[in-house]
Every structure is written in C-alpha cells, then in structure tokens.
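**Student:** The structure under discussion is supplied below as structure tokens; questions concerning it will follow.
Rule-based calculations on the coordinates, nothing more; no lab input. Treat the numbers as computed from the prediction; the structure is a model and nothing was measured.
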C-alpha cells in the first residue's frame, strides 16, 4: 500500500545524492554582486551561504561621475534559472572600484564581491527594492558592506529596523564587520525594500536572498543519473526479494 512506503521518489533522490557526496543545489537562493563596470568582474561561489559554483547576478551601478539607477532588472537563481524576481535601486552615488584603492578585503578570495560597491554619502538614503517575491512569504536577506577605509559604518534599514556594519580588514565574513542579516522578513505584497546610508559613506557590495522554510532541491546532472538509477534499482530488487520471502 502507498501509505506504507518509507520514502517518496524525491526522498530517494535526496538520499542517494547524499550517499554519493553530491551537492544539492540551492535553486531558491538569489545572489547579487554590485559592480563598477567590468574592472573586478562578478563573483561566483559561496559567501555567507551558498555553494561552490553558485551563480551571482552582476549588476552595474555606473560610475561616481555617472551613477546609474536601475529598474526591474531580472534575476536568476544560484542554479542559473529564471526566478521572476526583479531588482530596482535609486539614489546611490554610483559604484566604486576599491581594488587598487585600499580595499579592506583585497587579499581575500571574496575580493570580486567585496572590493567594488554601490555607495551613498552625505547622510542621504539609497533605496533597493526586490519585487516579484511570494506575497506573505518570509525571506532571509544578507547584505554585504565593506570599504577602503577601516571603521567606516554602513547602516541598513528594513521594516523600521536598522543594522550597522563597521568595516574592518578581513579575509572571511563576520556579522557586523562586513555583512548584516535580516531573518524571516515577510514580503507582505511581494516586495522587500531597504535603504542604506552612513555617517560618512554607506556601502553595498552585494546581497543574498533566500525564502525561508527550505530551498528547492534540484536533480543531479546527467552524469550522475546512472548512479541514482543503480541505487534505486538495487532498492527495488531488495524489496522484491523481501516480498517473495514473506510469501513463502
């Protein structure tokens, strides 16, 4: 009877993937790396969350002399699939490439993410909006902030809550040093909006967005399908043998 099945097919896929040591791609994760032209390039891989090989959406913020506001930029998830989510931002002072200008994370493997950023100065707020989210769903949002000046403070405000990040030299990630995290934020109307600023200059290097309650599990690549089939076939043979022994 169906009610006596121990696992669904999906469950077997996950179990066999785990036994084979295969990563389960986070198809629900959306990554954004804010760039200043193509000087640094767009980051790929894991940051605070994610996995090796994850795709990041590279978004150009223009230059200091010609800042660019963007509206409804379509975003892909970490597996490269369309999401229906869009990005808009306005009020920034452009983007700055700090790679050769004292970037505090220049010696880190995360330099492509953390050495170029959108900025906003003079205590004005720059706004960022993510649209096309699931209305009423909760999301975790990681906001990255580094700089080329030790001690620079960036203030992020979302739903009336402000978190501060104080930049410092680092080779890895530390909450409050190079990122802020808003957990379980509800997108009541399918939108999430936040602002960033700072006493002298606020910076936004990138962000990661994940819907809470678990990410979609993607099936393995074709090269691993044979391994899964072998495992499932073995399970079916063992169950058949056990059923035959029971009837004797």
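**Student:** What per residue convex hull volume, in Å³, comes out for region 27-211 when only alpha-carbon positions are used?
**Tutor:** Expressed per residue, the convex hull around the Cα atoms of region 27-211 is 99 Å³.
**Student:** With an 8 Å cut-off on Cα pairs and a minimum separation of 6 or more residues, tell me the relative contact order of region 27-211 in percent.
**Tutor:** The normalised contact order for region 27-211 reaches 25 percent.
**Student:** Something else: Can you give me the three principal axis dimensions of region 96-157 from its C-alpha atoms, in Å, biggest first?
**Tutor:** 42, 30, 17
**Student:** Also, I was wondering about something else. Once all Cα-Cα distances of region 37-99 are split into 5 Å bins that start at 0, what whole-number percent is in each one?
**Tutor:** Bin by bin from 0 Å, the calculated values are 4, 16, 21, 22, 21, 13, 3, 0.
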